[in-house]
């Protein structure tokens, strides 16, 4: 985790009068996942295009696996894998032949190409469909094959640009498991996604882009802590106890709010000691509690709050 595999410093990309990336900086250590969040047009795909040498920056510097993306593109391409937003496979070939073709194009001998194809088909649970034409594959199977294709050359750095878009929850979870396996084997992953649950599950750190600028970065827990406090929700059986319970909580130094229609009292808390204080105060008030729930801010809350406060261009 000590080597920096993606190092971006002041990266800017302009298309005429439109600035797609504006002074973006980030670092991704070896063997980790960076989740890159942002709305459509935030600059995620532009950043991936530059890092994978498909586009050149207007200003700034970026290095991948130690090589400059603008000056040493060939060395970068030898060390990366890229999966775009849409599956890019040859539908007339079988899944296995797709992988063999790519391996051969990368310089592998025929026997080596066959072995590597079979390895990847097993990893992605596509062995039974290996000899079927790719056009007969489901959407989830195509995405698996596309990701497998990006791994034929055993890349050190993998760029996944919204890889699970359009997949059902089961297929999405299957791909998550594959990403976790790759990272456990030492790969470094930059993942762009609009699924906040996906970033929360996979990413070691998260960078949020808005209008081409970095507006926040940190771990999921760090970002959540910036947005809101944890809370305890009490549901009472009797509406007559609602106000008494809320008042007892206030006397304990807490700041409850209540919903008379839903018979609930919500209390923001900072730590486990305050959670215990909520329960004690409610018990002292004689509250007949039908339910108690504890909640934390989610990445959805983070994303909404950050974009609401993001400066206009």
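The values are calculated or read from the model by the stated rules, or taken from the named source; none is laboratory data. Computed from a predicted model, the values in this text were never measured in an experiment. Note that each Cβ is placed from the backbone with ideal geometry, even for glycine, and that neighbours are counted across all protein chains shown.
Residue check: is residue 294 part of a strand (DSSP E or B) and touching a residue at least 60 places away in the same chain (Cβ under 8 Å)?
Yes: the conditions hold for residue 294.
Considering every residue within the range 253-264, establish whether at least one is at pLDDT 85 or above, out of contact with any helix residue (DSSP H, G or I) (no Cβ under 9 Å at 6 or more places or on another chain) and at negative phi.
Scanning the range 253-264, I find no residue that is at pLDDT 85 or above, out of contact with any helix residue (DSSP H, G or I) (no Cβ under 9 Å at 6 or more places or on another chain) and at negative phi, so the answer is no.
For residues in the range 285-302 being in contact with a helix residue (DSSP H, G or I) (Cβ under 6 Å, 6 or more places away or on another chain) and over 10 Å from residue 235 (Cα atoms), which is surrounded by the most Cβ atoms within 10 Å (Cβ to Cβ)?
Result: 302.
From the list 111, 103, exactly one residue is without any contact (Cβ under 8 Å) to a residue 24 or more places away in the chain and assigned to a helix (DSSP H, G or I). Which is it?
Among 111, 103, only 111 is without any contact (Cβ under 8 Å) to a residue 24 or more places away in the chain and assigned to a helix (DSSP H, G or I).
Has the range 124-133 got at least one residue that is over 24 Å from residue 181 (Cβ atoms), modelled with pLDDT of 95 or more, in contact with a strand residue (DSSP E or B) (Cβ under 8 Å, 6 or more places away or on another chain) and not in a loop (DSSP other than H, G, I, E, B)?
Looking through the range 124-133, at least one residue is over 24 Å from residue 181 (Cβ atoms), modelled with pLDDT of 95 or more, in contact with a strand residue (DSSP E or B) (Cβ under 8 Å, 6 or more places away or on another chain) and not in a loop (DSSP other than H, G, I, E, B).
Filter the range 242-258 for residues that are touching a residue at least 24 places away in the same chain (Cβ under 8 Å) and in a loop (DSSP other than H, G, I, E, B); which is nearest to the chain's Cα centre (by Cα)?
254
Taking the range 1-38 as the search range and keeping residues that are assigned to a loop (DSSP other than H, G, I, E, B) and surrounded by 15 or more Cβ atoms within 10 Å (Cβ to Cβ), which one is modelled with the lowest pLDDT?
Ranking the candidates gives 38 first.
Among (1) touching a residue at least 12 places away in the same chain (Cβ under 8 Å); (2) more than 30 Å from residue 11 (Cα to Cα); (3) not in a helix (DSSP H, G or I), which single condition is residue 261 missing?
(1)
If we keep just the residues of the range 224-272 that are out of contact with any strand residue (DSSP E or B) (no Cβ under 6 Å at 6 or more places or on another chain) and under 30 Å from residue 38 (Cα atoms), which is surrounded by the most Cβ atoms within 10 Å (Cβ to Cβ)?
224
Tally up the residues in the range 190-223 that are in contact with a strand residue (DSSP E or B) (Cβ under 7 Å, 6 or more places away or on another chain) and either outside any helix (DSSP H, G or I) or without any contact (Cβ under 8 Å) to a residue 24 or more places away in the chain (or both), please.
Summing the residues that are in contact with a strand residue (DSSP E or B) (Cβ under 7 Å, 6 or more places away or on another chain) and either outside any helix (DSSP H, G or I) or without any contact (Cβ under 8 Å) to a residue 24 or more places away in the chain (or both) in the range 190-223 gives 19.
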